[in-house]
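Here the structure comes first, spelled out in structure tokens, and everything after it is commentary.
The values are calculated or read from the model by the stated rules, or taken from the named source; none is laboratory data. Small disclaimer: the values here were computed from a predicted structure and weren't measured. Methodologically, a virtual Cβ is constructed for each residue, glycine included, from the backbone with ideal geometry; neighbour enumeration extends over all protein chains shown.
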Amino acid sequence: MKTPSNSSSRAASSFPLPNLLKSLSMSISDLPTRVIFFQVRDTKLKLQRLAEMTQTHFEKRDPFIIFVEDIKAQTFVDDLLWKLPETSFLPHTATDDTTKDLVAITKSKTNVNQARSAFNLCPTPLLLEGPLRLIYDFEDLTSPSKKELSSLRFDAYKQAHYLIEAVTA
């Protein structure tokens, strides 16, 4: 007597489904980096967005890094995160060395805490190799020179084939 499992197992083994699934599967590192540009017209909104995004990633226990241009900006953001949100504070470290802290503020152009999400506060685009999958940036309309720098960063991200999204306040 023939068993149905014999013929069905032969048919299943010749079906190319596993190969198809392998070719369709992508790892996170294969996905393009996403850039979210927050359109801002005043400094208060910039600080609010920075604090909100930092808090969101901290609450998710998602490592987050903030890139700044110099020690003055690093100190400013460090102080800001100890004061905001007003009802508490956001634990973080200001460092240019490797750290395991969830939130890091750095003036180096290295991902010191292996974060997948970052906020770029530098006048230059953030085009780093590595695990960054999401970059927040500002379309800064507070002055003509900052607007021009925002446009240059936008163009650089576009040329790097990053996915770009704009968010207005």
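Listed values, structure above:
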quantity	calculated
Any hit, the stretch 92-115, residues being in contact (Cβ under 8 Å) with a residue 24 or more places away in the chain, β-branched (Val, Ile, Thr), assigned to a strand (DSSP E or B) and touching a Pro at 6+ places or on another chain (Cβ under 9 Å)	yes
Test: residue in the stretch 92-111 that is closer than 19 Å to Glu165 by Cα, crowded, with 17+ Cβ neighbours inside 10 Å and either among the charged types (D, E, K, R) or modelled with pLDDT of 95 or more (or both)	no
Some residue of the stretch 124-134 being in a strand (DSSP E or B) and touching a residue at least 60 places away in the same chain (Cβ under 8 Å)	yes
The stretch 102-116, residues that are under 11 Å from Val68 (Cα atoms) and polar (S, T, N, Q)	Thr106, Ser108
Residue selected from the stretch 156-169 under the condition within 16 Å of Gln39 (Cβ to Cβ) and loosely packed, with under 13 Cβ neighbours inside 10 Å, by the criterion modelled with the lowest pLDDT	Ala169
Long-range neighbours under 7 Å by Cβ, at least six apart or interchain, first residue in contact (Cβ under 8 Å) with a residue 40 or more places away in the chain within the stretch 141-169, second surrounded by 12 or more Cβ atoms within 10 Å (Cβ to Cβ) and basic (Lys, Arg)	Leu141/Arg41; Leu141/Lys147; Thr142/Arg41; Tyr162/Arg34; Leu163/Arg34; Ile164/Lys158; Glu165/Arg34
Residue satisfying all of: in the stretch 65-84; without any contact (Cβ under 8 Å) to a residue 40 or more places away in the chain and of a type in the set (D, E, K, R); surrounded by the most Cβ atoms within 10 Å (Cβ to Cβ) among these	Asp78
Lone unmet requirement of (1) in contact with a helix residue (DSSP H, G or I) (Cβ under 7 Å, 6 or more places away or on another chain); (2) of a type outside the set (D, E, K, R); (3) within 24 Å of Glu59 (Cα to Cα) for Leu141	(3)
Any hit, the stretch 25-35, residues being of a type outside the set (Val, Ile, Thr) and modelled with pLDDT of 90 or more	yes
Residues (farther than 22 Å from Arg116 by Cβ and surrounded by 14 or more Cβ atoms within 10 Å (Cβ to Cβ)) located in the stretch 44-64	Leu45, Lys46, Leu47, Gln48
